[in-house]
2 protein chains.
Amino acid sequence: MPTIGFHKHDHATCISSTLARAEAHCTAHSLKFTPVRRRTLEILLAEHRALGAYDLLAILSNEGLGTAPPVAYRALDFLTGAGFAHKIEGLNAYIACAHLGEDHAPAFLVCTRCKTVAEADTAADKGRLGQAAAATGFKIEKTVIEAMGICPACVEDTPCA
Amino acid sequence: MPTIGFHKHDHATCISSTLARAEAHCTAHSLKFTPVRRRTLEILLAEHRALGAYDLLAILSNEGLGTAPPVAYRALDFLTGAGFAHKIEGLNAYIACAHLGEDHAPAFLVCTRCKTVAEADTAADKGRLGQAAAATGFKIEKTVIEAMGICPACVEDTPCA
DNA sequence: CAATTGGATGTTATAACATATCAATTGGGG
DNA sequence: CCCCAATTGATATGTTATAACATCCAATTG
């Protein structure tokens, strides 16, 4: 059952519990959850929408955590590598993982207006792509599955859609 | 049944027939199939793999068809808008459509090594994304479905995978 | 045949996204 | 304590994409 996130929830709790899980994961796997990395994830969790690397960098920079692009990209590389965040290819932007800890092949509903993103799990078989790949001997390393569109809130706010 | 394209075929015929169909489509819809647009599609068809906008621009430039980035991006906008080409978001690159004329929601198997791309049609229901969208009131405008990996040919060529 | 008009192009500049490189630092294991 | 490896800091550059504005050209129409 896909878990969809266009609804209200207890944000402060969701942030702190996810950070705690991330911390635990790092401890368990001997990964370093450094201040920049931690803060980057915290920002993504707080925003709860896709942010560009330079948007993140601007925030980190304000807080004295680094000014040059590699700061943001290194943090994002770490977070995506650890499975704490995902890149939305259709936006060249990044979002906190909504299923931290579960090994998953994510799929997204992306609102192009407000950049809110809902994350769903894809089926284990990867659907038709998986069938097609199996039929031809193609070896899938990663899937990019994104639906770009307008979220319920933005649909209502649109004057003359 | 998905149509998968990691096999040999009569390339010259495939190019010319696709160009002819594109031309017919433009005539029917009062679109202008100008030299730059035509040549851009021809290049994509001939390469039969994903090309970056600046790769295309280099070729067009050599042929006196324009030197500035907008030349390539305008041609690509036209081709993607008309359904003659698709953007592969995972590569920031572009490919000729393999199902020109059929209204379709494409899915791709993308070889990250040789940039060869196989195009399959997605199911009409758009799978779990469609279900998720329907459940929440999300309005899908476009889907991005890409499997990044290694194609059969490159798997074999890999020395020590 | 002008005049109009709307899409297509030409051109310059810049915005936005991402990585290479190398030196300096830090923190844990031998 | 020293070494190794990972992280950070800093500068520069590479890559992808669009904004803005001028101009051209071909089809319509008066």
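Per-residue answers, yes or no, for (1) modelled with pLDDT under 95; (2) within 30 Å of residue A:137 (Cα to Cα); (3) away from every other protein chain (no Cβ under 14 Å); (4) under 15 Å from the mean Cα position of the chain (by Cα):
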| site | (1), (2), (3), (4) |
| --- | --- |
| B:67 | no, no, yes, no |
| B:73 | no, no, yes, yes |
| B:84 | no, yes, yes, yes |
| B:93 | no, yes, no, yes |
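Would you say residue A:22 is near DNA strand C (Cβ under 10 Å from one of its atoms) and either modelled with pLDDT of 95 or more or in contact with a Cys (Cβ under 7 Å, 6 or more places away or on another chain) (or both)?
Here the answer is no, as residue A:22 does not meet what is asked.
So that you can scan it fast, the table gives a plain yes or no per residue for (1) free of Cβ contacts under 8 Å to residues at least 24 places away in the same chain; (2) assigned to a helix (DSSP H, G or I); (3) near DNA strand C (Cβ under 10 Å from one of its atoms):
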position	(1), (2), (3)
A:43	yes, yes, no
A:60	no, yes, no
A:75	no, yes, no
A:94	no, no, yes
Original post:
Regarding residue B:86, is this residue in a strand (DSSP E or B), open to solvent by 20 Å² or more (accessible area, probe 1.4 Å) and either at positive phi or not acidic (Asp, Glu) (or both)?
Top reply: yes
Subject >> Residue selected from segment A:62-73 under the condition part of a helix (DSSP H, G or I) and near DNA strand C (Cβ under 10 Å from one of its atoms), by the criterion most open to solvent (accessible area, probe 1.4 Å) >> reply: A:73
**OP:** Scan segment A:95-118 for residues that are open to solvent by 20 Å² or more (accessible area, probe 1.4 Å) and more than 11 Å from the chain's Cα centre (by Cα) and jot them down.
**Re:** A:101, A:102, A:103, A:104, A:105, A:112, A:113, A:114, A:115
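The values are calculated or read from the model by the stated rules, or taken from the named source; none is laboratory data. Note that the coordinates shown come from a computational prediction; the quantities given were computed from them, not determined experimentally. Every residue, glycine among them, receives a Cβ derived from its backbone with ideal geometry; neighbour counts consider all protein chains shown. Areas reflect the complete protein model, heavy atoms only, side chains present, ligands, DNA and RNA absent. Shrake-Rupley method; radii C 1.70, N 1.55, O 1.52, S 1.80 Å.
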